[in-house]
Amino acid sequence: MTNIEVKIPERQRPWINRGASVRELVVPVAIAAVVAAAINLLTGLAGALGFYFAFVLSYAVVAWFTGRRHDKVKGIDKLATAFITLGFATAFIPWASILFTVVRRGWPTIYGGYFTTDMRVTAADDDLAMGGLSHALVGTVLMLLVASVISIPLGILTAAYITEIRGKLSGFVRIMVQSMSGVPSIVAGLFIYATVVSRFKFSGLAGALALSILMLPTIARTAEEVLKLVPEEIRSASYALGASQMATTFRIILPAARSGLVTASMLGVARVAGETAPLILTSFYSAVFSLKMIGEPIGSLPMYTYQNFGVGTETALTRAWGGALVLMVLILILFSTARLLSGRGQK
Amino acid sequence: MVRTVWHGGTLMTSVLSEPALASPPRREIVDRRSLGDRIFRKGVTLGALTAFIVLSLIASLLFFRGFQIFSAFGLDFITTSTWEDVDGTVENAKFGVAAMLVGSIVVATIAMAVAFPFVVSSALFLEFYVPHKLKAVLVAILDLMAAIPSIIYGLWGYLVLMPLASGWAASINNYLGWFPIFGVDFDNFEASPFVSGLVLALMVLPIAMSVTREVYSRAPLDQIQAAYALGGSRWGAIRTVVIPFGRSGLVGGMLLGMGRALGETVAVLLTLNLVFEVKFQILASAGGSVASLIASRFGEASPLELKALMAAGLVLFLLTLIVNFGASTIVARAERRVK
């Protein structure tokens, strides 16, 4: 008997553009830019915004005529392509501006002592060569650690309920997690204020609790996606060998999804690292380096930024940008680690 | 042996007893789980109910803390917009969140209106236009954008965007000022709902877009191929197949973004001038936001005002819950239809 190999051809995605030449892309943009510059200089459409509108208009016209050479359908297609591309590009401008501004305005604050000193003797308005944000950095790291210890196990349990136990409440649990992800951060802060802070004063622990409320849904949802990727055969094989469900879950499924679960946790941490609103109500702010999580306020990067913004003088604002820069780098590190860990096997 | 007889007009079949064959004894099938597993399942179920427990605790606690306010002011808490705490007693105080509630909705609506064309075009661009290799990079960048903290958006919105946007607002007012919502009483265009709305539009774009893109990516390939086979262009396929298919996903994504926008605190606090008056002049330097109200009044609130803030928190919580619930129902239905 011979094996007959059946090859199913891969389905074509007709929109995939094969070999669009660079010339095709650059020439219309160049023409449009020149025309827009001319309009910008000669007519009332002045300034950056004027240039933008002139560019959009002339790019659309150029695109229309490149397509219209063939037929009307092609013309409309090119016009649509122009608007869709411009829409995407436009959305990127403000983000580029945010990244650029944070780095440019925050950079002057960075010096060796910025990470080793706190603000206990330095006023927000003092010279930038004095003081730092060690207190804020340590506060943020501590709160994130405690929040992770609470949220990661609960988030993974929630996901495991949906993918492993598959009980009657799966749909309900999913809806609850979805609703919880929509809880405004200020409401989470208010809740912890009412339960914890009003009895035990502002503390790092209260801040961590508020953050864990916001962190849980992200972890639960990402972990659910990850656990779903574990092949069903592995579960069946484990049961067939006589393993209990507990052993299957803890010794087979969760280890198999380990890197994905780490990614889920990191995404959860990255999502809440910059939360400010709940911290105003829970951990508040302290300018003194401290590792105490109970009984007294603790500093944090978002509150450091918020506090300095509130002072409002030029030096204080620079400090605020400095805090924003450090915060952004922290989130970037968390995010890229999560990405790298999940790199293989996912889309 | 089987014997079939007619009995009273009905066909009856009866099986006569046969000598029993030697068959192995039936094994008892146990489908009871072991004790360890039963405890394990209970434990996981309990863990999974955390979300439900936390949500109900939030709702009930805010309700009880704000109860005095609800019972003293009743519906006036929602329909009036005076916020006065004279001496910490209910008799002399007036609390109403109408202006803040309307303000929240106005700002979120502006944000969604501004974001909408960009949500659609970015989702289409990433799914149907961008080269395959670049797509993964761009999606990663967008995910990162979604994680930029609101304090940074607020900082940027106040110090970079506001000087620009108030200029734009002035020229909109100049040309379209005859239209009521673009009119202003004073020529101050800073810290307006317009500026806040722009910042929020930027913040909700990644979320709304990723949901929309997800639904667009499931558009039936057969129909797209058919559109091409009939001589349609890429835009033709998108217009006739992808967009009608993804309509409910788009609505769901936008609503999800709206939920996020309604609950946003710090970015709005930094870019909006809170005024206790219901207004629809989106370019004027006066607006409202429940979330920002809580953050801004919290510091110097008396015990009574704190209760009012708890009540306001409950209103905000319920509002976002409804919006989010609607959004996730729509998205879930859109995704189920595909499977």
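None of the figures in this text is laboratory data; all of them are computed from the coordinates on show. These numbers come from a predicted model, not from an experiment. Glycine also receives a Cβ, built like all others from the backbone with ideal geometry; neighbour counts cover every protein chain displayed.
Sequence gap at least 6, Cα distance under 8 Å: using those rules, report the relative contact order of chain B to the nearest whole percent.
Relative contact order for chain B comes out at 24 percent.
One quarter of the convex hull surface, Cα atoms only: what value does that give for the range A:131-288 in nm²?
Mean projected area of the Cα convex hull: 10.3 nm².
Ranked by Cβ crowding within 10 angstrom, fewest neighbours first, how are B:K94, A:K7, A:K201 ordered?
So the ranking, lowest neighbour count to highest, is A:K7, A:K201, B:K94.
By count of other Cβ within 10 Å, fewest leading, how are B:W235, A:W321, B:W178 ordered?
In order of increasing Cβ crowding within 10 Å: B:W178, B:W235, A:W321.
Between the range B:176-223 and the range B:81-128, how many Å separate their Cα centres?
Centre-to-centre (Cα) distance: 13 Å.
Output the relative contact order of chain A, whole-number percent, from Cα pairs under 8 angstrom with separation of 6+ residues.
20
Could you work out the equivalent-ellipsoid semi-axes for the range A:221-342, taking the square root of 5 times each eigenvalue of the Cα gyration tensor, largest first, in whole Å?
Whole-Å semi-axes of the equivalent ellipsoid: 43, 16, 10.
Counting other C-beta atoms within 10 Å, and keeping those with at most 13, which DSSP coil GluC sites (Glu not before Pro) do you find in the range B:294-339?
Answer in residue order: B:E300.
Just subtract the alpha-carbon distance of B:W178 and B:I53 from 0.36 nm times their residue separation and send over the number in nm, one decimal.
39.9 nm
Just need the Rg to Rh number for chain B, please, alpha carbons only, Kirkwood Rh.
Result for chain B is an Rg/Rh of 1.22.
If you add up the charges near B:N92, with Lys and Arg at +1 and Asp and Glu at -1, over every other residue whose beta carbon is less than 14 angstrom from its beta carbon, what do you get?
Computed value for this residue: -4.
Among A:S265, A:G312, A:L330, pick out the residue whose Cα is farthest towards the positive end of the charge dipole of the protein assembly as shown, where Lys and Arg carry +1 and Asp and Glu carry -1 on C-beta, about the Cα centre.
A:S265
Need one number for the range A:22-108: average projected area of the convex hull over its C-alpha atoms, nm².
7.1
Rounded to the nearest Å, what's the spacing between the alpha carbon centres of the range B:253-293 and the range A:144-221? Just the number, please.
That distance is 25 Å.
Report the Stokes-Einstein translational diffusion coefficient (µm² s⁻¹, integer) for the range B:75-129, Rh taken as the Kirkwood radius over Cα pairs, at 37 °C with viscosity 0.692 mPa s.
In µm²/s, the coefficient is 233.
Share of Cα-Cα pairs in the range A:294-340 beyond 18 Å, in percent?
The proportion of pairs with Cα distances above 18 Å equals 42 percent.
Assuming R0 = 22 Å, what is the FRET efficiency of A:V6 and B:D222, from their Cβ-Cβ distance, to the nearest 0.05?
With a Förster radius of 22 Å, E is 0.60.
How much of the calculated P(r) for chain A lies past 40 Å, in percent of all Cα pairs?
Value for chain A: 39 percent of Cα pairs lie more than 40 Å apart.
So for the range B:83-200, what are the equivalent ellipsoid semi-axes in whole Å, largest first, each being the square root of 5 times an eigenvalue of the Cα gyration tensor?
36, 21, 14
So what's the back-of-envelope 222 nm ellipticity for chain B, counting only DSSP H runs of four-plus at -39500 (n - 2.57) apiece and dividing by all residues, rounded to 500?
-20000 deg cm²/dmol, from helical runs alone.
Determine Rg/Rh for the protein assembly as shown; Rg is computed over alpha-carbon atoms and Rh is the Kirkwood hydrodynamic estimate from the same atoms.
Value, to two decimals: 1.05.
Given B:A229, B:Y153, B:F189, which one lies farthest toward the positive end of the charge dipole of chain B, if we put +1 on the Cβ of every Lys and Arg and -1 on the Cβ of every Asp and Glu?
Projecting each Cα onto the dipole axis, the largest value belongs to B:A229.
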